[in-house]
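Below is one structure, written out as structure tokens; the observations come after it.
The values are calculated or read from the model by the stated rules, or taken from the named source; none is laboratory data. Given the structure is predicted, the values throughout are model-derived calculations rather than measurements. Methodologically, a virtual Cβ is constructed for each residue, glycine included, from the backbone with ideal geometry; neighbour enumeration extends over all protein chains shown.
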Amino acid sequence: MKVVFAPSAKLDLRGIAWAIRRDSPERAERFVEEIVERCYTLAEMPRRYALIPRYEEHGIRRCPYGSYLIFYRVTEQAVQIVHVLHGARDYERLLFPGGEGDAP
């Protein structure tokens, strides 16, 4: 199964790199590479992480990586990385801006 990154996930990864780069340029590059590597491991067992509680109908799962959460969907063809967000962020508001009835 292939892994594809939504434009929103690509922007998230750039933002993470930018934030870390201020303190450690070398670590920024490596950390984003580590997150991307973790995303690719989802192709092996894409359903190993649970659907987000209360939003199951949207089919979005979350995979932790350090203080970050990788949000993704599984389709017949691919694992779609939707967002990569820090765990302290209000991810429900970002992923489901209209509440339980809307999806990204």
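Quick look at the numbers
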quantity: Filter result for A17 (among the small types (G, A, S), out of contact with any strand residue (DSSP E or B) (no Cβ under 6 Å at 6 or more places or on another chain) and touching a residue at least 12 places away in the same chain (Cβ under 8 Å)); calculated: yes
quantity: Some residue of the stretch 41-58 being within 13 Å of L13 (Cβ to Cβ) and not small (G, A, S); calculated: no
quantity: Filtered residues of the stretch 60-96 (kept if outside any strand (DSSP E or B) and within 16 Å of F5 (Cα to Cα)); calculated: T75, E76, Q77, L95
quantity: Residues satisfying the stated conditions in the stretch 59-93, i.e. farther than 19 Å from L13 by Cα and crowded, with 18+ Cβ neighbours inside 10 Å; calculated: V74
quantity: Pair list, Cβ < 6 Å and 6+ apart or interchain, from the stretch 67-93 residues that are closer than 20 Å to I20 by Cβ and at pLDDT 95 or above to residues that are polar (S, T, N, Q) and part of a helix (DSSP H, G or I); calculated: H83/S8
quantity: Qualifying position, being under 11 Å from the mean Cα position of the chain (by Cα) and either more than 19 Å from G87 (Cα to Cα) or at pLDDT 95 or above (or both), among R47, R38; calculated: R38
quantity: Number of positions in the stretch 18-35 that are among the aliphatic types (A, V, I, L, M) and either at pLDDT below 95 or loosely packed, with under 15 Cβ neighbours inside 10 Å (or both); calculated: 3
quantity: Scope the stretch 20-46; condition under 26 Å from E92 (Cβ atoms), outside any helix (DSSP H, G or I) and out of contact with any strand residue (DSSP E or B) (no Cβ under 6 Å at 6 or more places or on another chain); matching residues; calculated: M45
quantity: Residue in the stretch 51-58 that is in contact with a strand residue (DSSP E or B) (Cβ under 7 Å, 6 or more places away or on another chain) and part of a loop (DSSP other than H, G, I, E, B) present; calculated: yes
